[in-house]
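The values are calculated or read from the model by the stated rules, or taken from the named source; none is laboratory data. Just so it is clear, the structure is predicted and the values come from calculations on it, not from any experiment. Note: ideal-geometry Cβ built from the backbone for every residue, glycine included; neighbour counts use all protein chains shown. Each accessible area value is taken on the protein alone, full model and side chains, heavy atoms only, with ligands, DNA and RNA left out. Shrake-Rupley method; radii C 1.70, N 1.55, O 1.52, S 1.80 Å.
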Amino acid sequence: MKRRICIVGTGTAGLHLAYALKKEFDVTVISHRTAEQIRNGRIQSTQVHFGSTIERERRFSMPKWSEHTRIESIHMTIGQQKLFAGTLAEPALSVDQRFYFSHCLEELIERKVPVLFKKINNENLGELIEEFDLVIDCTGKNGPLFPFPIEKDFSPFQTPQRKCIVGYFRGIKPLTPQGINVTILPGEGEMFEIPALTDQGPVTILFIMAIQEKRLDIFKAIRSSDEFTLKIRTVLQSFFPEIASRIVEESFALNDEKGFLQTAITPVIRKPYTIIQNKLAVGCGDSVFLNDPITGQGCNLSSYCAEKLYETLIEFKDEPWNSQLGESYWDKTKPLVKQVTEWTNAMTMPMPEHVIDQILQGSGEQAKADRIAGWFADPSTAYQDIFQGSKIQ
Ligand SMILES: Cc1cc2nc3c(=O)[nH]c(=O)nc-3n(C[C@H](O)[C@H](O)[C@H](O)COP(=O)(O)OP(=O)(O)OC[C@H]3O[C@@H](n4cnc5c(N)ncnc54)[C@H](O)[C@@H]3O)c2cc1C
């Protein structure tokens, strides 16, 4: 008989695991919301999936998306000075999570994976632990459900380092080559302009990371989509004139009423397993590895850790599921978790001179620009360049 696994949460981590594990194990998925509720809900992310994540989606036979909005490069500007466009080795893709998650959920149901719609809380969690051989906590930043211990060395902050302000817009002419447009305003924050796909077609995501109480932090009292659009216009004209110059007046608008978001994340890293009611419980994704979105790594790290958890469960398929399995999963994930977390935390602090120097070098030489673009696709290279002083070749 196949071992029974319950996956709580149908975001990036939960869906990767559902697709990956469904052949080898008896998988049940718990979703807080129906596919329709997800589709009609508010945006949650900017969700850029880099090449290795797209490769894992292929490995686990997850849905394939139109490449109309494929991201081929990273454009870099500091202040008002455009420095370079670095080419990504493999294209990336941002698909609106409302579209991605609801579509995957419907496909899993079609493929006869049992999906239960309910919210898990302290009262009903005990029943799940009893019923299944393993419960995987993929509840994202609203989690965790289990008391996974905090890794203090990786969790230096008690408060958010940025305010995240995101809108999905129509009516902005794309950059060429198509890519993510990063603008760093030292002392104020950052802007990421990202081409993305929604179920209504292509959009341009504008993602402001505002340092608290500085000049980009002016969205506090904004509640309606109209107020949000007006405020974005003002911010573009004042701080990002190049993006403002690409606005097409007749069509510039939010993609939909729920196509905007304001949030702030306090990063926290936890050991991703615990023993509860004498059984192993594991976490995957933001429930255990929650970083600031400034480097766009959350989905990619969730996908990576889902693959490592899948490989660990296969390795322990005929072994007891205990803390040894948990430790093996943590051993596999810890190196990348460390690299992503330390790089991401550093990017929320004033940028050290040697990092600014490296970015400036990118404006003189394409190979250097490509190397910096590659930081986002392979964060281990960012870690090497920033913390281990490897020379950009
Ligand atoms: C503004 C912003 C921009 C971002 N941009 C990027 C980016 O460009 N690239 C990138 O890689 N990452 C990005 N991220 C991070 C990325 O979105 C997350 O890291 C990723 O979605 C985490 O996946 P997850 O599965 O852990 O959690 P989620 O995708 O949040 O999914 C959590 C799931 O758990 C469910 N759930 C929660 N509580 C319960 C409960 N009690 N019972 C049942 N179900 C429950 C939720 O309904 C949901 O289905 C961004 C994040 C933010 C906030």
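Under 6 Å between Cβ atoms, which residue pairs at least 6 apart in sequence (or on different chains) link something in region 340-363 that is in contact (Cβ under 8 Å) with a residue 12 or more places away in the chain and hydroxyl-bearing (Ser, Thr, Tyr) with a partner that is in a helix (DSSP H, G or I) and open to solvent by 20 Å² or more (accessible area, probe 1.4 Å)?
Going by the 6 Å Cβ cut-off, the qualifying pairs are 341/154.
Could you check how many residues of region 255-274 are over 30 Å from residue 154 (Cβ atoms), open to solvent by less than 50 Å² (accessible area, probe 1.4 Å) and of a type in the set (D, E, K, R)?
At the first step, the residues of region 255-274 found to be over 30 Å from residue 154 (Cβ atoms) are 255-260.
Now drop any that are not open to solvent by less than 50 Å² (accessible area, probe 1.4 Å), which leaves 255-256, 259-260.
Now drop any that are not of a type in the set (D, E, K, R), which leaves 256.
Adding up the residues that qualify gives 1.
Which condition number in (1) farther than 18 Å from residue 296 by Cα; (2) part of a loop (DSSP other than H, G, I, E, B) is the one that residue 109 fails?
(2)
Are any residues in region 19-37 near the ligand (Cβ under 10 Å from one of its atoms) and either over 14 Å from residue 114 (Cβ atoms) or out of contact with any Phe, Trp or Tyr (no Cβ under 6 Å at 6 or more places or on another chain) (or both), and if so, which ones?
Of the residues in region 19-37, the ones near the ligand (Cβ under 10 Å from one of its atoms) are 29-33, 37.
Passing the criteria: 29, 30, 32, 33, 37.
Just for region 1-18: of the residues that are more than 7 Å from the ligand (Cβ to nearest atom) and either among the small types (Gly, Ala, Ser) or open to solvent by less than 10 Å² (accessible area, probe 1.4 Å) (or both), which one is nearest to residue 54 (Cα to Cα)? Quick ask: steps written out before the conclusion?
Within region 1-18, the subset more than 7 Å from the ligand (Cβ to nearest atom) is 1-7, 15-18.
Now restrict to residues that are either among the small types (Gly, Ala, Ser) or open to solvent by less than 10 Å² (accessible area, probe 1.4 Å) (or both): 5-7, 15-18.
Values: 5: 25, 6: 24, 7: 21, 15: 14, 16: 11, 17: 14, 18: 16 Å.
So the residue we want is 16.
For region 2-23, state whether one or more residues are assigned to a loop (DSSP other than H, G, I, E, B), under 30 Å from residue 320 (Cβ atoms), in contact with a strand residue (DSSP E or B) (Cβ under 7 Å, 6 or more places away or on another chain) and free of Cβ contacts under 8 Å to residues at least 60 places away in the same chain.
Looking through region 2-23, at least one residue is assigned to a loop (DSSP other than H, G, I, E, B), under 30 Å from residue 320 (Cβ atoms), in contact with a strand residue (DSSP E or B) (Cβ under 7 Å, 6 or more places away or on another chain) and free of Cβ contacts under 8 Å to residues at least 60 places away in the same chain.
Which is in a strand (DSSP E or B), within 18 Å of residue 261 (Cβ to Cβ) and either in contact with a helix residue (DSSP H, G or I) (Cβ under 9 Å, 6 or more places away or on another chain) or aliphatic (A, V, I, L, M) (or both), of 203, 135? Spell out how you get there, then give the answer.
Working: 135 fails: within 18 Å of residue 261 (Cβ to Cβ).
Matching residue, one of 203, 135: 203.
Give me the helices (runs of 4 or more DSSP H) completely within region 281-393, filtered to those with at least 3 residues that are within 13 Å of the ligand (Cβ to nearest atom), ordered by residue number. Explain how you work it out, then say what you get.
Values: elements: 298-315, 323-347, 353-361, 366-377, 379-387.
Qualifying helices (runs of 4 or more DSSP H): 298-315, 323-347.
With the condition kept exactly as written, say whether any residue in region 228-239 is in contact with an Asp or Glu (Cβ under 9 Å, 6 or more places away or on another chain), modelled with pLDDT of 95 or more and in a loop (DSSP other than H, G, I, E, B).
No - not one qualifying residue is present in region 228-239.
Just checking, which of 52, 45 is small (Gly, Ala, Ser), within 9 Å of the ligand (Cβ to nearest atom), touching a residue at least 60 places away in the same chain (Cβ under 8 Å) and not in a strand (DSSP E or B)? Write out each step before concluding.
Numbers: 52 fails: within 9 Å of the ligand (Cβ to nearest atom).
The match here is 45.
Residue by residue through region 76-120, note down the ones that are open to solvent by 80 Å² or more (accessible area, probe 1.4 Å) and more than 23 Å from residue 30 (Cβ to Cβ).
Selection gives 80, 81, 82, 89, 90.
Look at region 242-254 and say how many of its residues are in contact (Cβ under 8 Å) with a residue 12 or more places away in the chain, out of contact with any Gly (no Cβ under 7 Å at 6 or more places or on another chain) and open to solvent by 20 Å² or more (accessible area, probe 1.4 Å). It would help to see each step written out before you state the result.
Initially, region 242-254 is screened for residues in contact (Cβ under 8 Å) with a residue 12 or more places away in the chain, giving 242-243, 246-254.
Remaining after also requiring out of contact with any Gly (no Cβ under 7 Å at 6 or more places or on another chain): 242-243, 246, 249-250.
Then drop every residue that is not open to solvent by 20 Å² or more (accessible area, probe 1.4 Å), which leaves 242, 246, 249-250.
Total meeting the criteria: 4.
Consider region 154-177. How many of its residues are in contact (Cβ under 8 Å) with a residue 24 or more places away in the chain and either farther than 24 Å from residue 347 by Cα or part of a strand (DSSP E or B) (or both)?
Our first condition is that a residue be in contact (Cβ under 8 Å) with a residue 24 or more places away in the chain; within region 154-177, this holds for 154-175, 177.
Applying the additional criterion that residues be either farther than 24 Å from residue 347 by Cα or part of a strand (DSSP E or B) (or both) yields 163-175, 177.
Count: 14.
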